[in-house]
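Accompanying notes for the structure given below.
The values are calculated or read from the model by the stated rules, or taken from the named source; none is laboratory data. Everything numeric here is computed off the predicted structure, so don't read it as measured data. Cβ placement follows ideal geometry from the backbone for every residue including glycine, while neighbour counts extend to all protein chains displayed.
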Amino acid sequence: MALFGLIKDKNCDICGSTIGLLGNRKLEDGNCCKECARKLSPWFDERRHSTVEQIKDQLRYRENNREELKNFQITRTIACDRWKVLLDENAKKFILTRDPRKLEEENPDIVAYADITGCRLDVDEDRDEIMREVKEGDQTKRVSYNPPRYEYSYNFRYLINVNNPYFDEMKFELNSSSVRITPTQAAGAGGTGIVGVLTALGGTGAPAVYDPHTNPEYAKYEKLGEEITQALTGAQQTVREEAAQAAAGPKMIKCPYCGAQTEIGAGSKCQYCGGYVGDAQ
């Protein structure tokens, strides 16, 4: 009890509430309660190196984000095992969420297509050697095959780089459990004759046939990553083209009727004589 008496309560420098035991989240120049810390972006990982004012700024941004979510219209969904990529193609924005039914609770960060700086699929490969058991007297030993055989496992992680004042990347897994592949032996490895005998004994035989892209589960997640890339990079390119077109200003053309320089567009008319110039060359 004496120990607890020596621990002084702290107040949250963000909301002013009393911070309970084990509830403090340290900041560079102050303290933050776990309730305030929970409101920060899930992609933000610089809390301990942030000042009180920086955290307050982010929480204001997060509240504005919550309000913007009310106007977010989902036009396309790309579903991964645990995550969903939701696109508002009209507003040219996207969000990442675990549950589209809990957007108000999760408050996922809204990212404009124009703020995407890059995206890619990373495939992590691990392998474990498959051993065989041999009898040596009264003992059983585990030894390698010749050539060695392996079981492979894959995890598919997607990375989106963004231009945001509070985080610069959004990384999430496409699969909820590892994709495991055990390559089969090549034709003849389990056959008759000297090759089959050597393979049965663990000796030199035909090498394992191994191409992970032919595995249905591997191909599914690879295709899913390609779909996300096409959606985000395609949208990003559209935004850039529209921005470039806007910066270039309206396209001008010489009116074939009155000779004046006028703006051209679909169904447009000459600003001076009213003649149709939309299809004029």
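Could you go through region 97-116 and let me know if any residue there is in contact with a Pro (Cβ under 6 Å, 6 or more places away or on another chain) and polar (S, T, N, Q).
Among the residues of region 97-116, at least one is in contact with a Pro (Cβ under 6 Å, 6 or more places away or on another chain) and polar (S, T, N, Q), which makes the answer yes.
Could you tell me whether L96 is more than 18 Å from E173 (Cβ to Cβ), modelled with pLDDT of 95 or more and buried (at least 17 other Cβ atoms within 10 Å of the Cβ)? Can you show your working first?
On the way: more than 18 Å from E173 (Cβ to Cβ): no; modelled with pLDDT of 95 or more: yes; buried (at least 17 other Cβ atoms within 10 Å of the Cβ): yes.
Considered against the rule, which asks whether it is more than 18 Å from E173 (Cβ to Cβ), modelled with pLDDT of 95 or more and buried (at least 17 other Cβ atoms within 10 Å of the Cβ), L96 comes out as no.
Would you point out which residue out of C119, C80, C36 is of a type in the set (A, V, I, L, M, F, W, C) and more than 18 Å from Y158 (Cβ to Cβ)? Explain how you work it out, then say what you get.
Values: C119 fails: more than 18 Å from Y158 (Cβ to Cβ); C80 fails: more than 18 Å from Y158 (Cβ to Cβ).
One residue alone meets the criteria, C36.
Those residues that are more than 12 Å from the chain's Cα centre (by Cα), within 26 Å of L59 (Cβ to Cβ) and either polar (S, T, N, Q) or assigned by TED's automatic domain parsing to the domain that holds P183 (or both), I need them from region 75-111; list them, please.
N107
Among the residues of region 139-175, write down those that are over 22 Å from A231 (Cα atoms) and either not in a strand (DSSP E or B) or not assigned by TED's automatic domain parsing to the domain that holds E227 (or both). I'd like the intermediate steps shown before the answer.
Of region 139-175, the ones over 22 Å from A231 (Cα atoms) are 139-154, 165-166.
If the condition is that a residue be over 22 Å from A231 (Cα atoms) and either not in a strand (DSSP E or B) or not assigned by TED's automatic domain parsing to the domain that holds E227 (or both), then P165, Y166 are the ones that fit.
Only one of S41, S50 is crowded, with 16+ Cβ neighbours inside 10 Å and modelled with pLDDT of 95 or more; which?
Values: S50 fails: modelled with pLDDT of 95 or more.
Exactly one residue qualifies, and that residue is S41.
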